[in-house]
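One structure is given below, encoded as structure tokens.
Quick note: the coordinates plus some simple rules give every number you see, no bench work behind them. Computed from a predicted structure; not experimentally measured. Glycine also receives a Cβ, built like all others from the backbone with ideal geometry; neighbour counts cover every protein chain displayed.
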Amino acid sequence: MRLCKLAILLLVLPFNAKLAQATEPYELTFAVNTPGSFPYLYYDDPSQTYKGLVPEFFAALKRRELLDVTFVDSNQQRSETFAKEGKVDLYLANLGWVSEPSKVITSIPIIQHKTFLYSLTPFDDDFDFASVENKRVCTQLGYAYTGLQASFEAAKLLRFESSTQDTLGLMLAKGRCDYAVLNNYNAKLIFSAPEYCGLTIHQSPKPTSTVPLTIVMRPALHKVKALIDEELTGFITSGKATQSLASHSSIPRFPMPGQCNSV
């Protein structure tokens with residue numbers, strides 16, 4: 001009888017071990033294109049952690065022991081290369097920014113990303129960026145700009161590159177370019193700094209591009225993609241994504257007067 005019980009126990013233990021292994025959360029690395037995309041995914045200096053819509057989504061999955069994601073600093077070009085090589089697992093991007101889209105897979109869209117031109121002077125109501133020529137545009141080094149790429153390549157617009165989005169905004173303030181190109185939330189964050197006291201920042205009437213942001217993954221993660229898509233659908237339809245976004249930033253409003261510190 002004891003031998004029978006032992007035999008049964010030895011048969012059950014491997015099964016239970018496999019079951020436990022199957023339910024362990026995936027441990028993944030998420031590359032963040034510096035300085036991130038506020039308020040979707042950004043580094044918060046005071047807390048020394050990544051915050052935003054994306055970290056809150058993954059934090060909920062970690063609490064349920066589905067995924068355990070570690071965020072690491074990177075940049076747009078390096079993130080794509082590392083994902084294709086399997087050195088990182090995930091990063092946030094639009095598929096149109098990926099040079100070899102067939103070598104990665106993507107989640108369903110998590111948010112619509114809007115990019116605008118910003119100026120120190122008002123835009124005409126009928127302003128059309130596609131017809132603008134011989135203007136200097138401050139951009140971030142290494143970034144792809146969906147709506148402006150054709151104008152840059154045809155040299156209709158002159159691209160002046162900055163190493164960071166903060167210096168990009170300062171270049172506009174100092175008159176080194178005619179326009180700065182930013183997503184609307186980052187523009188709100190940057191131009192609220194005290195350096196813009198006394199200036200009014202104007203936003204183009206229409207975005208230069210509106211593109212879906214997705215979670216880009218290395219090609220082997222098909223099971224992870226299915227899980228993320230299912231959880232993202234619930235996150236969005238339940239209203240939790242909208243609530244998360246609102247907790248990090250109000251909707252950007254322009255023209256935006258520079259904020260001056262009171263004496």
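Counting alpha carbon pairs within less than 8 Å and at least 6 residues apart, what relative contact order, in whole percent, applies to segment 130-218? Write out the running numbers ahead of the final one.
On the way: 90 pairs, mean separation 27.5, N = 89.
Once normalised by length, the contact order is 31 percent.
In this simple spin-label approximation, VAL72 and ALA154 carry label points 7 Å from Cα along the Cα→Cβ vector, and these lie 4.1 nm apart. Counting alpha carbon pairs within less than 8 Å and at least 6 residues apart, what relative contact order, in whole percent, applies to segment 89-182? Averaging sequence separation for qualifying contacts and normalising by length gives 35 percent for segment 89-182.
Using just the helices of the chain, give the 222 nm mean residue ellipticity in deg cm²/dmol: DSSP H runs with n ≥ 4 each add -39,500 (n - 2.57), and the total is spread over all residues, rounded to 500. Provide the component values of the computation, followed by the final result.
Numbers: 8 runs with 89 residues, N = 263.
Helix contribution divided over all residues of the chain: -10500 deg cm²/dmol.
Taking 22 Å as the cut-off for C-alpha to C-alpha distance, list the pairs among LYS103/LYS225; LYS51/LYS174; LYS84/LYS223; LYS114/LYS225 that go past it. Before the final figure, lay out the partial values.
Values: LYS103/LYS225 14 Å; LYS51/LYS174 31 Å; LYS84/LYS223 17 Å; LYS114/LYS225 24 Å.
Exceeds cut-off: LYS51/LYS174; LYS114/LYS225.
Counting only the backbone N, which residues of segment 55-87 are under 17 Å from the spot 7 Å out from the Cα of SER192 toward its beta-carbon? Zone members listed by number: none at all. Entry note, the chain: relative contact order of 25 percent, from Cα contacts under 8 Å with a spacing of 6+ residues. Each Lys and Arg Cβ is given +1 and each Asp and Glu Cβ -1; about its Cα centre, segment 167-263 then shows a dipole of about 100 debye. Of (1) 19.0, 62; (2) 19.5, 58; (3) 22.8, 90, which is the value of Rg and Dmax of the Cα atoms in Å derived from the coordinates here? From the options (1) 19.0, 62; (2) 19.5, 58; (3) 22.8, 90, the structure gives (3). Can you bin segment 18-133 into rounded, prolate or oblate? Criterion: square roots of the alpha carbon gyration tensor eigenvalues sorted a ≥ b ≥ c, rounded for a/c under 1.5, prolate for a/b above b/c, oblate for the rest. Since a/c reaches 1.5 and a/b is larger than b/c, the shape of segment 18-133 is classed as prolate. Against the chain, whose longest principal axis is taken from its Cα atoms, helix 2-23 shows a tilt of about 10°.
For a test of the definition: using alpha carbon positions, the gyration tensor, and the 1.5 limit on a/c, classify segment 123-263 as rounded, prolate or oblate. Kindly include the intermediate steps, with their values, before the conclusion.
Working: a/c = 2.12, a/b = 1.40, b/c = 1.52.
Taking the square roots of the gyration eigenvalues as a ≥ b ≥ c, segment 123-263 is oblate.
Placing +1 on each Lys and Arg Cβ and -1 on each Asp and Glu Cβ, with no other charges, gives the chain a dipole about its Cα centre of roughly 720 debye.
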